[in-house]
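Structure, as structure tokens:
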Amino acid sequence: MFTRGLKTNIVIHLFVLLVLAMILLDFVMIITVRRDLLRSEISRGYVFISGIEANKMFFPESDNITPSSDFQDDFGRMLKDAGFSCAIVMDAKKNRVYLDGKNCALQDEIEALTRQTIRSGDKASQFFGSTWGVLGKQSRDLIISAPLLRNGSVVAGASIVLPLKGIYKTLRRTQYIFLIYIFINAFVFTFIGFYRLSRIIVKPLQRLAKRAEEYREDDEMFFLYEKEDNDFSKLSKALNSMLKQIADDKERLQTTIMSLEKANIDLKQAQKEIIQAEKLASVGRLSSGIAHEIGNPIGIVVGYLELLKQNDISEAEKKEFILRTENEINRVNTIIKQLLDFSRPSSEALKVVSVHSIIGETVDVFKFQPLMANVELNLSFIAENDMVMADPNQLRQVFLNLLINAVDAISSVEDHFEGKISITSEVAQNASAESADHPNMLKISYIDNGSGISKENLCNIFDPFYTTKDPGKGTGLGLSVCFMIIQKIGGKIQASSEEGKGATINIYLPLTVQGANGGKSKESLDMNDG
């Protein structure tokens, strides 16, 4: 299709260029021929007038200029045979002595030009009228005027009128013949030019296109051409060099892609390990508080077992002791199960979860910590829709890290006897144009009255290994891991604080469509521990 289009374009352009060039040449030639014909006619007119001057019958030696009747008849025939339509002769006093011709509609113009010739003594010619010529409207008649001399003095003047229609008719006939030859020559030279250009350009391009269609990556010298040192040979060498460079770049690109894929896998594995390490660090902090909580039911179980060893108890008492023992063991089992849920590696399986439920589970585990003894914890969930698509284990880690940070901030305040932590939820409008699929966001706020964060430190709290805690009391990865988890599920986390006035951490999570249909009803919980 490419070749056919190229051939067609070559033929069309050659034909058009040749026709335009020949038409331009014809235009110049017609103008030149018309000019030469007019000059020839003017010269012939002057010769005709000079014949009047030499004719003694018309122009005797006496001052009286009166043409004889015989001359008038002869002159009329000569005028007609010469192709002139009208003639006039005027004496030196500018009196008309002769007027002949069928077409003397320009009598006034002829007389005026004759008087001018007598007065100046110079020959003159002038065009009059308008008719259809060869290249548009042109002059209809040509008036030729010349003085008649005797012994070097002007004694009269004569003018003749030449109709130009005959000249135009001859030129149009010539033009018609030229146009026929123009199109014949255009066809012939177009064919010859196309044949030559096809051998020089089209066929080499066809060979290059055919080789391109047969391209294989293992070809070392792909584009081959004749031995001639021409532009197509240079083009073939350049294309071979380009394809070799592309092949080398492709190989390097594949190597780079494989390296990036491996680095990406290592990075994801490192992120998993960082998240798991931070999770285990948080679980370690929970262990001290949970150990006391587990110790109480175990002591109760031991006491009931000692009672069961006695022989003086009734069957009803045995059943009651066994039931209470089971309850305490179930309590221990529940606490251990919650701790294991926090510590086990995340499967990273996303599913629709209730954020309110996950926060409630996190609070239930954390409320046994000794640091919570003087902290008032308030939960206020006013968001009717709390369903998001996320990994529940990773969300638990985020909420636990934020709770630990809030408690640590409260405990760092000197002479601070009562701390307050508020966890709230509400539905917020999503202002991001990139998340049009999630017009609404669930906003979770952690608000504490701890020591706060200075302005210079606020912009760095989400950086890895950045911490304001004393050495040994923090890894600096807690908020960084939170930022990474929230960002991965399409949310965002922000912090605002003033030093000495506490801090607020806001989390925005995209709500799911399923959550919009099955979200929780409005809930408000107030929980006091201490």
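What the table below lists for this structure:
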quantity	calculated
Residue in the range 489-510 that is modelled with pLDDT under 65, assigned by TED's automatic domain parsing to the domain that holds Lys367, of a type outside the set (Asp, Glu) and exposed (fewer than 14 other Cβ atoms within 10 Å of the Cβ) present	no
The listed residue being loosely packed, with under 13 Cβ neighbours inside 10 Å and either assigned by TED's automatic domain parsing to the domain that holds Ile143 or more than 36 Å from the chain's Cα centre (by Cα) (or both), out of Arg44, Arg39	Arg39
Count of the range 125-170 residues which are over 27 Å from Thr114 (Cβ atoms) and either of a type in the set (Ser, Thr, Tyr) or touching a strand residue (DSSP E or B) at 6+ places or on another chain (Cβ under 6 Å) (or both)	1
Gln276 vs. criteria at pLDDT below 80 and of a type in the set (S, T, N, Q)	yes
Residues of the range 80-108 that turn out to be touching a Leu at 6+ places or on another chain (Cβ under 8 Å) and outside any loop (DSSP other than H, G, I, E, B), as a count	7
Boolean, Thr334 is of a type in the set (S, T, N, Q) and either within 30 Å of Ser451 (Cβ to Cβ) or at pLDDT 85 or above (or both)	no
Residue within the range 149-168 that is within 60 Å of the chain's Cα centre (by Cα) and within 23 Å of Thr32 (Cβ to Cβ) present	yes
Test: Ile118 is buried (at least 17 other Cβ atoms within 10 Å of the Cβ) and within 23 Å of Leu37 (Cβ to Cβ)	no
Residue tally, condition modelled with pLDDT of 75 or more and either in contact with a strand residue (DSSP E or B) (Cβ under 7 Å, 6 or more places away or on another chain) or not assigned by TED's automatic domain parsing to the domain that holds Glu376 (or both), over the range 407-435	15
Condition met for Leu6 (crowded, with 16+ Cβ neighbours inside 10 Å, at pLDDT below 80, under 60 Å from the mean Cα position of the chain (by Cα) and part of a helix (DSSP H, G or I))	yes
Checking Arg173 against (1) without any contact (Cβ under 8 Å) to a residue 12 or more places away in the chain; (2) in contact with a strand residue (DSSP E or B) (Cβ under 9 Å, 6 or more places away or on another chain); (3) under 24 Å from Val33 (Cβ atoms), the condition it does not meet	(2)
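The values are calculated or read from the model by the stated rules, or taken from the named source; none is laboratory data. No experiment lies behind these values; they were computed from the predicted model shown. Positions of Cβ are backbone-derived with ideal geometry, glycine not excepted, and every protein chain shown enters the neighbour counts.
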